[in-house]
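Here's the structure, in C-alpha cells; my notes come after.
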Amino acid sequence: MRQSNIERLTNGSFDVLIIGGGINGAVAAAALAGRGASVALVDRGDFGGFTSQESSNLVWGGFKYLENYEIPLVRNLCMSRNRLMRAYPDNIKEIGFLAALDASGPFPPWLAALGSVAYWGIGNLSTHRPRLLKAVTIKRDEPMVNTAKVKGGIEYFDAYLKDNDARFVFGFVRSAVESGTVAANYTELVSAERADGTWKVTLKDLDRNAQPFTCSAKVVINAAGPFVDGLSKTFEISSEHKIVYSKGIHLVVPQITKNERVLAFFDDTQRLFYVIPMGKRSVIGTTDTRVDVPVTHVTDEDRSFLLEQINARLVLEKPITTNDIISERCGVRPLVVKQSSGSVDHVDWTSLSRKHAVESDHQRNVITIFGGKLTDCLNIGEEIMEEVEKLGVHLSPPNDDWYGEPGSEVREEFYRQARLMRLDDFRARADIEPLSDRLWRRYGVRSFAMLDAIRDDPTMADDIMDSADYLRVELHVAAHTEMVTKLEDFLRRRSKISLVVRDEDIRNSEGLKEVCDILFEERSQEKFDEYCSTHPVPELTP
C-alpha cells in the first residue's frame, strides 16, 4: 500500500497536502477526504510516531484546567470527550479517577469534591456521578494506597483508550485512505515553491532512499506538531502563535492494581501524576518539565523522581525499582502561546493548557495547527474543514461519516459469525480478553476478512510472539493494509507490544523472525537488523 501511494504522490496534484501524520494531520485528512477533497498526507517519520505516541492514553476534559478558570476550554474538551465516547464505544471507555489527597496537596477533599461536581455538570452529567471519599473508603477500594497521611479523596470519571494512542491515530489515517487520501510515512519534505497560486513541493522517500519527486497542491496544512514553527519558515509564514515545550514521561511497570481505574496523586511539587491501567501493566506518570527542544529522553533524574513519588504513596510488598520498568514513554507537549508574549520565563509553566489554535494565511494558502491534544481531535477536524473552504477548496455537504466505529448492525453480524465459528475458543484463557472483542475493536469491518482467514487456516489464530498476545492473521493484515515500514512501527504503534513486553523478551522471541518475514518479505533480515541496532537490550541497574 505504501509503495503504491508513493507512486500516486509522484507528480500528483491535490486539493490539500498535509505535512505531519500525528493526531492533527490524521484527523484533518480524514475530515477533508470524507467531504470529497483530494488529499495527500505525508510524515517524515511514522504516523503517530512523535508526540501522538507519548500520551497518557486518556480522553478527558481537563479537570485540572478548572483551577485556572478555563471553563470554556473544559466545556469544549468535555463535549469532544462525550462525542468520542459515543462514536468509539469499543475503543474509548469510561474510567474512574480516584484521587487520594493528603495535607501537602493544594486542595482539601471537600473543595476537590465541589470541583468534581462542577466538572461533571460542565460535561452534561454524561459520566458516572463523582463521589467524596473518606480515607477508610480509599483503603477499602484500593488497599495498596498508603492512607497514613491521606485526609480523604474524590473519584470522578473521564475516559481512556483500550489500545494505544498511536493506533487510534492510525485509525484516522486508515479512514482517510479509504476515502481516497494518498498517505505515505517516512516521506520528507525537501523544499516548497509557490507559483501561479499553487504549491509545488519536493518530497523524498526516506525508506527507499530514492530520488526526490514532486507533487502539487492548492492548500498546504502544517500539522507538524512540535515542529510547526520550523516548518512555517519553509513556507515563509508569519504566525500570531508559537509553540513552547513541556516534557512528560511515563514508566510502564507490572500491574499495580487489578481494578480498572486511574489512581491520582499530587507529587511533592503539588503537580498531579497518575497510575493508569494498560492491560496487565500499569503506567506511572506524567511529569511536567520545561524544555527548549522537542526531542527529549528519559533521564535518571526523571526515573528516580517518579519512583520516589509513587513508592511513598503506595503500600507494596517491595518498592518499585528501575528493574521493574518494562518500557518508558517520553514526549513533549506542544503548548501554544502568543508571539507577542515574547519570553515565557514569567509565565506559570503549569498553567499553560493544551488548547489549540488554527491560523490561515490567505495569501499563501497555508493553514497551521498549533498545539491540541487527542481529546480535541474532532474539533480540530471540523475547524480545518471550515478553513479549507475559505481558501477556495470545494467540499461536499458536511456529515459525521468521517469518524467513528461501524454501526451496531455491522458489529452484531461480526459477533454472530464469531460465535458460529467459536472464535473465542481458539484462545480461551481467563487472563486475556476474548478474541472477538479484540479483533473487532482493532480492525472493525476488516475483522470479517480475518474470520475468513482463520476458517481457511486455523493456524492464523496462533499467537506468534510468545507473551505478545498477537495473532498470525493480524500480522498479515498489518503487512498489507497498515503501511508498516519499520519493525518498530508494528511493535510500538500498530500494536503496543514494545510498551508491555520487555525489549529482551521481544528480541529473544522465537516468533520475531516470522514477524519480520510476514511484514517485510525479501527485506526481512534488513529490517530485523535495523531494529536490533536501534533498540539494544538495556542493562539492568540497581
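No lab work stands behind these numbers, since they all come straight from the coordinates. Small disclaimer: the values here were computed from a predicted structure and weren't measured. Here Cβ is always computed from backbone atoms with ideal geometry, including for glycine, and neighbour counts include all displayed protein chains.
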Quick shape check on segment 1-57: root eigenvalues a ≥ b ≥ c of the Cα gyration tensor, a/c under 1.5 is rounded, otherwise prolate if a/b tops b/c, else oblate, and it reads oblate
Binned at 10 Å from 0, what are the whole-percent values of the Cα-Cα distance distribution for segment 431-542, short to long? 13, 47, 30, 8, 1
Compactness index (Cα Rg / 2.2 N^0.38 Å), segment 109-178: 1.59
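For segment 467-520, how big is the tail of P(r) above 15 Å, as a whole percent of Cα pairs? Please list the in-between numbers first.
Details: 559 of 1431 pairs.
Summing the P(r) tail past 15 Å for segment 467-520 gives 39 percent.
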Evaluate the Kirkwood expression for the hydrodynamic radius of segment 178-314, namely the inverse of the mean inverse distance over all pairs of different C-alpha atoms, and round to one decimal in Å. 19.0
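Please list the three semi-axes, largest first and in whole Å, of the ellipsoid equivalent to segment 162-245, using sqrt of 5 times the eigenvalues of its alpha carbon gyration tensor.
Values: eigenvalues 109, 77, 39 Å².
Taking √(5λ) for each Cα gyration eigenvalue gives 23, 20, 14 Å.
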Suppose we keep just the alpha-carbon trace of segment 137-177; what are its Rg and Dmax in angstrom? 18.4, 54
Peptides 456-462, 243-249: what's the order by average Cβ count within 10 Å, highest mean first? 243-249, 456-462
Quick one, what does Rg over Rh come out to for segment 1-123 if you take C-alpha atoms and the Kirkwood Rh? 1.12
Spread of Cα-to-Cα distances over 10 Å intervals beginning at zero, given as percent, for segment 87-206: 11, 24, 21, 14, 14, 12, 3, 0
I'd like the antiparallel share, as a percent to the nearest 5, of DSSP beta bridges with both residues in the chain. 75
Too long at a 26 Å Cα-Cα cut-off: which of LYS93/LYS496; LYS204/LYS247; LYS139/LYS355; LYS247/LYS338? LYS204/LYS247; LYS139/LYS355
Considering the Cα trace of segment 80-149, what is its radius of gyration and what is Dmax, both in angstroms? 14.5, 42
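If you take the C-alpha gyration tensor of segment 281-346, multiply each eigenvalue by 5 and take the square root, what semi-axes do you get, largest first, in whole Å?
On the way: eigenvalues 195, 32, 19 Å².
Sorted largest first and rounded, they come to 31, 13, 10 Å.
Say R0 is 41 Å: what FRET efficiency, to the nearest 0.05, do GLU510 and GLU409 get from their beta-carbon distance? Show your work: numbers first, answer last.
Details: r = 41 Å, r/R0 = 1.00.
The pair GLU510/GLU409 has a calculated efficiency of 0.50.
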Starting with the highest mean, order 192-203, 396-407 by the number of other Cβ atoms within 10 Å, averaged over the residues of each peptide. 192-203, 396-407
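Report the semi-axes of the equivalent ellipsoid for the chain in whole Å, largest first, where each axis is √(5λ) for an eigenvalue λ of the Cα gyration tensor.
In descending order the semi-axes read 35, 30, 23 Å.
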Sort the following peptides by mean Cβ neighbour count (other Cβ atoms within 10 Å, averaged over residues), highest first: 252-265, 271-284. 271-284, 252-265
Rough spin-label spacing in nm, given labels placed 7 Å along Cα→Cβ, for ASP300 and THR481: 4.8
Consider just the alpha-carbon atoms of segment 30-91 and return their Rg together with their Dmax, both in angstrom. 15.4, 43
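Quick one: dipole size for the chain, taken about the Cα centre, charges +1 on Lys/Arg Cβ and -1 on Asp/Glu Cβ, in debye to the nearest 20.
Values: 67 positive and 81 negative charges, 283 e Å.
For this selection, approximately 1360 debye.
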